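Notes for the one structure printed next.
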Amino acid sequence: NAAGNVGGGIVAESNSSVSLTNVTVASNRWANALGNGGVGGVISDGSSRVQVTNSILSGNTGQNLSGGGASVSNSDIGGWSGGTNNISNDPNFVSAADYHLQAGSPATGMGAY
């Protein structure tokens, strides 16, 4: 996916409630000619009810996760810290086009596979 404004992966708008469980959000692109930030992965845009559990957010341009009010647990989110039992490691995907995890991946048990 690619976007030129808010986010390339998932955008949770204000007053929304989003729950992501066993989800992989990877390799989404964000580009804006103004260069004013950007989130390729998941952005909580004014929403205070975003829950991410057992998921992988990795390899997205800009940030993998941004915005206030996100509750994150048991997930692998590149460049992010906080929440409960989270890691920020390379999940070791099989390839750039195959998001299954290699044997011994630190993200085993997280994401869609």
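Summed over the range 93-103, the residues that are in contact (Cβ under 8 Å) with a residue 12 or more places away in the chain and open to solvent by less than 70 Å² (accessible area, probe 1.4 Å) give a count of 3. Taking the range 55-66 as the range and being of a type outside the set (Val, Ile, Thr), open to solvent by less than 60 Å² (accessible area, probe 1.4 Å) and on the phi < 0 side of the Ramachandran plot as the test, the residues that pass are Ser55, Leu57, Ser58, Asn60, Asn64, Leu65, Ser66.
With respect to Ala112, determine if the residue is open to solvent by 50 Å² or more (accessible area, probe 1.4 Å), part of a loop (DSSP other than H, G, I, E, B), touching a residue at least 60 places away in the same chain (Cβ under 8 Å) and not acidic (Asp, Glu).
For Ala112, the condition - open to solvent by 50 Å² or more (accessible area, probe 1.4 Å), part of a loop (DSSP other than H, G, I, E, B), touching a residue at least 60 places away in the same chain (Cβ under 8 Å) and not acidic (Asp, Glu) - is met.
Kindly indicate whether Gly69 is in contact with a Lys or Arg (Cβ under 8 Å, 6 or more places away or on another chain) and open to solvent by 30 Å² or more (accessible area, probe 1.4 Å).
Values: in contact with a Lys or Arg (Cβ under 8 Å, 6 or more places away or on another chain): yes; open to solvent by 30 Å² or more (accessible area, probe 1.4 Å): yes.
The answer is yes for Gly69.
The set of residues from the range 12-49 being modelled with pLDDT of 85 or more and open to solvent by 30 Å² or more (accessible area, probe 1.4 Å) comprises Ser17, Val18, Ser19, Thr21, Asn22, Val23, Thr24, Ser27, Arg29. Return yes or no: is Pro106 in a loop (DSSP other than H, G, I, E, B), open to solvent by 50 Å² or more (accessible area, probe 1.4 Å) and of a type outside the set (Lys, Arg)? Considered against the rule, which asks whether it is in a loop (DSSP other than H, G, I, E, B), open to solvent by 50 Å² or more (accessible area, probe 1.4 Å) and of a type outside the set (Lys, Arg), Pro106 comes out as yes.
Checked against the criterion of being on the phi < 0 side of the Ramachandran plot, of a type in the set (Asp, Glu) and open to solvent by 50 Å² or more (accessible area, probe 1.4 Å), the candidates Asp90, Asp76 yield just one match: Asp90.
Scanning for something over 12 Å from the mean Cα position of the chain (by Cα), within 23 Å of Thr108 (Cα to Cα), outside any loop (DSSP other than H, G, I, E, B) and not basic (Lys, Arg), does the range 52-59 turn up at least one residue? Checking the range 52-59: not a single residue is over 12 Å from the mean Cα position of the chain (by Cα), within 23 Å of Thr108 (Cα to Cα), outside any loop (DSSP other than H, G, I, E, B) and not basic (Lys, Arg).
The values are calculated or read from the model by the stated rules, or taken from the named source; none is laboratory data. Not measured: the values here are computed from a predicted model. Cβ sites come from the backbone with ideal geometry, for glycine too, and all protein chains shown count toward neighbours. We work out accessible area using only protein heavy atoms, side chains counted, and drop any ligands, DNA or RNA first. Shrake-Rupley method; radii C 1.70, N 1.55, O 1.52, S 1.80 Å.
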